[in-house]
Every structure is written in structure tokens, then in C-alpha cells.
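What follows is a short report on a single structure.
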Amino acid sequence: MASSSKSKPIAYHSEEEAAKKSEKKQFPSHTRYIPFLVLAIVVVMSLAMGIIWAVVKPKRPQVVVENGFIEQRSLKISKDNTTLSGMFYFYFRFYNPNKKAKVHYDTLNVTSSFNDKTMKRGGLNQNFTLEPKFDIHIWYNFTSELWSIYGFMPKYLSQGRATSRILFEAKIRFEYSGWKFLPRTIHIDCSPLVVFDNKKNPSYPTFKPTVCKVDY
């Protein structure tokens, strides 16, 4: 009787261990394929994006400086004739040359330089989307200084022109048929920007439109 009473708990314990082992075996069978499934989805998505990119071949955005001028009342020459300062205004046209792809501008930062001494960095807080074959115009202004140790500023001003450079750094994303590609950084170099001091007719300053170089 004693031996039979002890054998029952042992048998029950063996059955419990077998059930646990069975559960352990069943549990991994449902989960071990998840990483492979996720990897397969990523590969398929990447392949699809690559095929779409190869078919669409999005063109890089175009940027043109259409106008620029110096604010006449802001022009100043220091007493020692070594520094010329003024407020510069530029009118930019951002254009999307693609027929089907949209261009999303997530960020747009700018650096303007007039010479080695003056450099200004800042964000334009611009967040916009360009539909295919659409454009947008943006004004940008900054104060610049031209410095010379020899005091040539009155003579420089009499020549009636000043040259500056503006650089943009933007994060963009292309979109095609609802598919958004990964963001990429582009660099836009607008130079040289020659602005004329047109005192005789300040309302219509002379400026030659400048096509900016876009790299990405």
C-alpha cells in the first residue's frame, strides 16, 4: 500500500513535466519565424522602393535666384572708410521638375556670406511640398558687411555692385503614388550673386538671375 501511494505523485509529476516540455516545444514553433518574416518584409519593401526609384528616376529640385537688391537706406560706410554694410534681399524660386514625383522639404537651413568676415547661419522655418511641375517663391534677407583695411569702401561703393554667396542645406523626401522615399540631404550653392547699387532707379535694381547648383 505504501509503495502504491508514493508512485501516484511520481507519475503525476512526470506527466506535468511532459506537459511543460510539450508547451515549450510548441511555443517556439509560433515565434521563431517572426524575425524571418520581419526580415522578408523589409527586403520586399526595400526591393519595391528600389524598383520604383529606378523606374521613376526623380530629378533633383531646381533653385534659381530671380532677383536681388540692396536696400538703399541701409547702406552705410564706417568713419574710417574700412567697412561697408547694408541689407541684402534675394528672391528664390524652388521648382520641382518631375512629372509624377512630389518633393517634400522637411527642413531648409541657410548660410549667407559677403566675405570672410561676415557669415550668417539660420533656419528659414520652411516646411513645404512641391507638387509635380510646381514652384514656390521665398524671400531671404540679411545684413552684410564688406571690410577692407585700406579704406577703399567709398571707391568700392562708387563701382555700384557687391557680390555675395548663399548656401542652403535641406532635407527632402520624394513621393510617388503614395510611396515616400527615405529623406536625403541636399546642398544648394547660389553664387556668385552680384547685386548692383542702382541709385538712379532704386525701385528697379539690375540683377542677373542666377541658377544655383544642387548636389545630393
Name the strands (runs of 3 or more DSSP E) wholly within the range 117-175 that hold at least 2 residues that are at pLDDT below 75 and assigned by TED's automatic domain parsing to the domain that holds residue 191?
119-123, 135-147
I'd like to verify a number: residues in the range 169-191 that are over 8 Å from the mean Cα position of the chain (by Cα) and among the polar types (S, T, N, Q), how many?
2
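For (1) surrounded by fewer than 15 Cβ atoms within 10 Å (Cβ to Cβ); (2) modelled with pLDDT of 90 or more; (3) polar (S, T, N, Q); (4) within 20 Å of the chain's Cα centre (by Cα), each residue gets a yes or a no:
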site: 46; (1), (2), (3), (4): yes, no, yes, no
site: 53; (1), (2), (3), (4): no, no, no, yes
site: 65; (1), (2), (3), (4): no, yes, no, yes
site: 72; (1), (2), (3), (4): yes, no, yes, no
site: 82; (1), (2), (3), (4): no, no, yes, no
site: 85; (1), (2), (3), (4): no, no, yes, no
site: 97; (1), (2), (3), (4): no, yes, no, yes
Residues that are at pLDDT 90 or above, charged (D, E, K, R) and either touching a strand residue (DSSP E or B) at 6+ places or on another chain (Cβ under 7 Å) or not assigned by TED's automatic domain parsing to the domain that holds residue 144 (or both), drawn from the range 99-116:
102, 106
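The values are calculated or read from the model by the stated rules, or taken from the named source; none is laboratory data. These numbers come from a predicted model, not from an experiment. Cβ sites come from the backbone with ideal geometry, for glycine too, and all protein chains shown count toward neighbours.
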